[in-house]
Structure formats: structure tokens, C-alpha cells
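Structure record follows, encoded as C-alpha cells.
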Amino acid sequence: AEMLRGRVRMGVIVGDLATDNDAERLSRADIPVVQITTGTMCHLDARMIAEAMKKMPLDDLDVLIIENVGNLVCPASYDLGEGVRVVLLSVTEGEDKPLKYPHIFLEADVCVINKIDLAPYLDTDVETLRNNALKVNHHLQLFEVSATKGTGMDAWCDWLVKECAKCK
């Protein structure tokens, strides 16, 4: 959110089972944030998004980011009306996740591989992870980033800005 300030006007709908931790962090970036707490549900659905959108200043936004409840299984089966579906995968989850949970990768347009700075300390080969994601969906656009270190974030943010420009 900080890196995109002044480049795109964004709002975020955040899904979580029990906390508002992500919404708290995002609200410090002075952007509109709506929290959806699902309780026991492992995904958001279109009804939840429709209600949350009523609380968003949609006319003042270039992009609305929906963070679905974080796993690689449940969210894959629910259409939220998104224009672009992004799957976020951490290298800490292992290089086999695209093969184990192919549906979410098949449905995605983009895969952001995060925490690449940790790869040297793990038994995860980032190139194998990339190849496995592309085996499942050869149309995936891939970004390798470290959100904490900033590695790859310029390319990811530039892509978001270009995608927003297409919708104007």
C-alpha cells in the first residue's frame, strides 16, 4: 500500500477467521479497509463481498483488493467477481503446493511467490516451485518477492499500476 501511494487509489477487503490484524496494519497506510471475520468459514463468498463493498468508497478507487481467508483450498472454488485472481504462495509452504492444490493455481491469473529471501534457509527450490506452478497453469504470470525486504516489489507494483490503467 505504501509503495503504491500516489500511483493507484486502492481499497482492501480483508478476510480472516478470527482477527482483524491485517486490517489494522493496512489501515495505518491510510487506505479504506473493510474487515470480514468469517468465524469458522475458510473462504469469503460473493454475498460477503457485496456487503463489504457497501462500506467502500468505490468511486474513489482504482483497485479493490480482496484478501480471501488464507489457504490454498477453500477460496479456489468461490467466484467473488474479481477481475484478476492472484494466488499468494510463500516459499515456506514448499515447492510441491501447486501440484498438491492445483485448483487454485488453475483458477489464478497471477502467482506471487513471497518470502524468497528465506529460500536459502529452507528445503525449497524456488525454480522448482515456479516450474510446478507453470505445470499446473502455463498462463500464470509469476512474481517473486520478499515483502519484508522489498525484493521484487517494484515489478509487482508496476504490474498492478499497469493493470489499473487498463480499467480507466
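Among the residues in segment 156-163, are any of a type in the set (A, V, I, L, M, F, W, C), closer than 25 Å to Cys42 by Cβ and buried (at least 18 other Cβ atoms within 10 Å of the Cβ)? No, every residue in segment 156-163 fails to be of a type in the set (A, V, I, L, M, F, W, C), closer than 25 Å to Cys42 by Cβ and buried (at least 18 other Cβ atoms within 10 Å of the Cβ). Across segment 80-96, the number of residues qualifying as open to solvent by less than 50 Å² (accessible area, probe 1.4 Å) and either assigned to a helix (DSSP H, G or I) or β-branched (Val, Ile, Thr) (or both) comes to 2. Inside segment 111-149, residues that are free of Cβ contacts under 8 Å to residues at least 40 places away in the same chain and outside any helix (DSSP H, G or I) make up a count of 21. Being within 23 Å of Pro102 (Cα to Cα), in a helix (DSSP H, G or I) and in contact with a strand residue (DSSP E or B) (Cβ under 9 Å, 6 or more places away or on another chain) is a property that does not hold for Leu160.
Kindly list, by first and then second residue, each pair from a residue in segment 2-18 that is modelled with pLDDT of 95 or more to a residue that is assigned to a loop (DSSP other than H, G, I, E, B) and small (Gly, Ala, Ser), limited to pairs with Cβ atoms under 7 Å and residues at least 6 apart or on different chains. What qualifies is Met10/Ala1. If you check Ile36, Ile13, Ile66 for being open to solvent by 30 Å² or more (accessible area, probe 1.4 Å), in a strand (DSSP E or B), of a type outside the set (D, E, K, R) and in contact with a Leu (Cβ under 9 Å, 6 or more places away or on another chain), only one passes: Ile66.
The values are calculated or read from the model by the stated rules, or taken from the named source; none is laboratory data. Note that this is a predicted model, so its numbers are computed, not measured. Because the Cβ atoms are built from the backbone with ideal geometry, glycine has one as well, and the counts that use them run over all protein chains shown. For the accessible areas, the whole protein counts, side chains as well, though only heavy atoms, and no ligand, DNA or RNA atoms are used. Shrake-Rupley method; radii C 1.70, N 1.55, O 1.52, S 1.80 Å.
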